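Down below is the structure, laid out as structure tokens.
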Amino acid sequence: MKTKFSSKLAGLLTSVVLISGTASANDSKPLPKEGIWRGVFTVSESQVPFNFEFKGKDSKNALLTLINGSRRDEFHVERRGVDSIYVKMNTYDAALVAKIEDNGTLTGEYRSLVPGFRGNSLPFIAEYGKSYRFVEPGKEIAPKHNISGKWEIKTYTKEAVPASIALLKQSGNKLTGVIMTVVGDTRELEGTVQGDEFELSGFTGPSPFIVKGKINDDNSITGEQGFGIYKNLKFDGLRNEKAELPDPYKLTFLKEGYKKLDFTFPDLKGQQVSLSDDKYKGKVVIIETIGTWCPNCTDQTVFLAPWFKKNQKRGVEAIAIGFEQKDDLEYAKYTLGKLKEKYGITYDILFGGIADKKIVAEKLPALNKFVAFPTTIIIDRKGDVREIYTGYTGTVTGKYYEEYEKKFNKVLDELIAEPVPQLAVAATTTGK
């Protein structure tokens, strides 16, 4: 998801690799205790809790699993020195770096690993054996309301932004949910309702997210939400089961007079690849604009990579164009290469440049504008653009994901069924 306040966070929400390590024979302290832990980030003046499970008695097999409602994200752990651990956040270029204190707690920080990036780190402390998120067992306050359902959320910023939608599920004090915007979602959030107040947080590898709100007497909600080191944004919301976001199939489209897309970018070997290459002629082609720093791009990759393996022989190709945190091909080879390795990507991955929406729009000038990472562009066998989908809604959004998957397959089935042109039409040099 690429929101106004998360766009500035791009440097911190970047790609990462799996890490394994070897414990030193002289280690004087064991790895953290196996079991459930509760961590707390200090973000400006806010405390953002998160939960994880640690497993493994040596750093070769050690895993840290972040817990967010029903979602689980695993990360390998490396021993650093005699009393510290290093947890790379998979395909996000950030890590949890922590010291094992004498009392068994972990103290450390969430740190950006982008070369040359000077973003602030987020300090945290974690305690073993605590499975609660916000409220210690026995100290709960009976909720005055049940806020399960669909909420239309208005966020207050200096610039007007479209309303978002919160999908919430409450059972007693326990609250889970997700916030969807026109360009993606927050992934699953977990929290609590206490009296007439509620809190939600999420940490899946990218920077943590926090929501704090109050349930008003008129059943509206008000509060603040925000990512990482950036100031929380005020919001209010009304329950509205009929609320819908703008149609993601209509946000991005081709400029008048254009039917085709044209581009040339280097692949991970440095070789120039063009959409007009023979490889793509007469094929249905799926284009993805992504960034390894982008959580919704990762979720979309988790969907597309196995889909492509299953369907490629039907006459389909796919291209992911990565826009990264540095305008550096060698850096992109590393970040995009790790993405390819982790998710078993078998389609082409190209490097488009720096992660900037204006740059994407300049490099893909046939588009009316560029709104979000990821954006999916589907091209038919004649080389014409037939569908553009802005953003991505993950599995936590329920029916929205199901509708996306259903339409994606329907569109692809229809295009694959179209006859292969006798002379496969490639994109022209002008893209018109």
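For the pair Ser131 and Ile359, what calculated FRET efficiency results from E = 1/(1 + (r/R0)^6), where r is the Cβ-Cβ distance and R0 = 41 Å, to the nearest 0.05? If you can, show how the numbers build up before the last one.
Numbers: r = 44 Å, r/R0 = 1.07.
Once the sixth-power term is evaluated, E becomes 0.40.
Does anyone have the angle between helix 399-417 and the longest principal axis of the chain? Alpha-carbon axes, 0 to 90°, nearest 10?
Computed tilt is about 20 degrees.
How far apart, in nanometres, would the label points at Glu403 and Gln47 be if each is projected 7 angstrom from Cα along the Cα-to-Cβ direction?
4.0 nm
Pairs to check: Lys369/Lys407; Lys144/Lys174; Lys281/Lys342; Lys309/Lys342; Lys158/Lys357. Give those whose C-alpha atoms are more than 21 Å from each other in this structure.
In this structure, Lys369/Lys407; Lys281/Lys342 lie more than 21 Å apart at Cα.
For the range 78-188, what does the relative contact order come out to in percent, with C-alpha contacts under 8 Å and a separation of six or more?
Details: 165 pairs, mean separation 14.1, N = 111.
Worked out over the range 78-188, it gives 13 percent.
For the range 264-405, give me the percentage of DSSP beta bridges that are antiparallel, rounded to the nearest 5 percent.
Details: 14 of 27 bridges.
The antiparallel proportion sits near 50 percent.
Based on the mean of other Cβ atoms within 10 Å per residue, sort peptides 336-343, 403-410, 201-208 so the most packed one is first.
Numbers: 336-343: 19.5, 403-410: 13.9, 201-208: 26.6.
The packing order, highest mean first, is 201-208, 336-343, 403-410.
Does the range 96-162 come out rounded, prolate or oblate, given a ≥ b ≥ c as the square roots of the eigenvalues of its C-alpha gyration tensor, rounded meaning a/c under 1.5 and, failing that, prolate meaning a/b above b/c?
Working: a/c = 3.98, a/b = 1.16, b/c = 3.43.
Oblate, because a/c is 1.5 or more while a/b does not exceed b/c.
Assuming R0 = 51 Å, what is the FRET efficiency of Asp102 and Asn240, from their Cβ-Cβ distance, to the nearest 0.05? Please report the intermediate quantities before stating the final value.
Working: r = 52 Å, r/R0 = 1.03.
Working from the Cβ atoms, E equals 0.45.
Would you list, by chain and number, the lysines whose Cα falls below 18 Å from the Cα of Lys33, excluding same-chain residues fewer than 8 positions away?
Of all the lysines, those that pass the test against Lys33 - Cα under 18 Å, at least 8 places apart if same chain - are Lys55, Lys57, Lys60, Lys99, Lys130.
When the Karplus curve 6.51 cos²θ - 1.76 cosθ + 1.60 is applied with θ = phi - 60°, which whole-Hz ³J(HN,Hα) does each residue of the range 81-98 get, with x for Gly and Pro?
x, 8, 9, 9, 10, 9, 10, 6, 7, 6, 8, 9, 7, 8, 8, 8, 10, 9
By how many degrees, 0 to 90 and rounded to 10, does the Cα axis of helix 329-343 deviate from the longest principal axis of the chain?
So the inclination is approximately 80 degrees.
Set the Förster distance to 30 Å, then compute FRET efficiency between Glu159 and Ser70 from the Cβ-Cβ distance, nearest 0.05. Kindly include the intermediate steps, with their values, before the conclusion.
Numbers: r = 34 Å, r/R0 = 1.14.
Efficiency, rounded to the nearest 0.05: 0.30.
With a 1.4 Å probe and every protein chain left in place, tell me how much accessible area Val135 has, in Å² to the nearest 10.
That residue has around 30 Å² of solvent-accessible surface.
Could you give the Stokes-Einstein D for the range 259-389 in µm² per second, using the C-alpha Kirkwood radius, 4 °C, 1.567 mPa s? Spell out each step's value before the answer.
Values: Rh = 14.7 Å.
The Stokes-Einstein estimate is 88 µm²/s.
Say a paramagnetic label sat at a point 7 Å from the Cα of Asp196, along Cα to Cβ; which residues of the range 141-177 have their backbone N under 14 Å from it?
143-146
For the range 209-222, take each phi angle, set θ = phi - 60°, evaluate the Karplus expression 6.51 cos²θ - 1.76 cosθ + 1.60, and give the result in whole Hz per residue in order, putting x for glycine and proline.
Going residue by residue, I get 10, 9, 10, 10, x, 10, 9, 7, 4, 8, 6, 7, 10, 9 Hz, with x marking Gly and Pro.
What order, most packed first, do the peptides 191-197, 275-281 have when packing is the mean number of other Cβ atoms within 10 Å of each residue? Don't skip to the answer; put the middle values down first.
Details: 191-197: 19.9, 275-281: 17.7.
Top of the packing list down: 191-197, 275-281.
Checking the a/c ratio against 1.5 first, then a/b against b/c, what shape does the Cα gyration tensor give for the range 244-318? It would help to have the intermediate numbers written out before the result.
Details: a/c = 1.40, a/b = 1.13, b/c = 1.25.
Cα axes put the range 244-318 in the rounded bin.
Could you report the accessible area of Asp247 in Å², rounded to 10, computed with a 1.4 Å probe on the protein chains as they sit in the structure?
60 Å²
Whole-Hz Karplus ³J(HN,Hα) for the range 362-374, in order, using 6.51 cos²θ - 1.76 cosθ + 1.60 and θ = phi - 60°, x for Gly and Pro?
Values, residue by residue: 5, 7, 10, x, 6, 6, 5, 5, 10, 9, 7, 9, x Hz.
Classify the range 204-278: rounded, prolate or oblate, from the alpha-carbon gyration tensor (a ≥ b ≥ c, eigenvalue square roots; a/c under 1.5 rounded; otherwise prolate if a/b is larger than b/c)?
Working: a/c = 4.60, a/b = 1.95, b/c = 2.36.
In terms of gyration-tensor shape, oblate.
I'd like to know which of Val182, Pro143, Tyr132 lies farthest towards the positive end of the charge dipole of the range 125-190, counting +1 on Cβ of Lys and Arg and -1 on Cβ of Asp and Glu.
It is Pro143, whose Cα lies furthest towards the positive end.
The values are calculated or read from the model by the stated rules, or taken from the named source; none is laboratory data. Bear in mind the structure is a predicted one, so any value in this text is a computation, not a measurement. With ideal geometry, Cβ positions are generated from the backbone for all residues, glycine too; neighbour counts draw on all protein chains shown. Just so you know, the surface numbers come from the protein's heavy atoms only, side chains and all, with ligands and any DNA or RNA stripped out. Shrake-Rupley method; radii C 1.70, N 1.55, O 1.52, S 1.80 Å.
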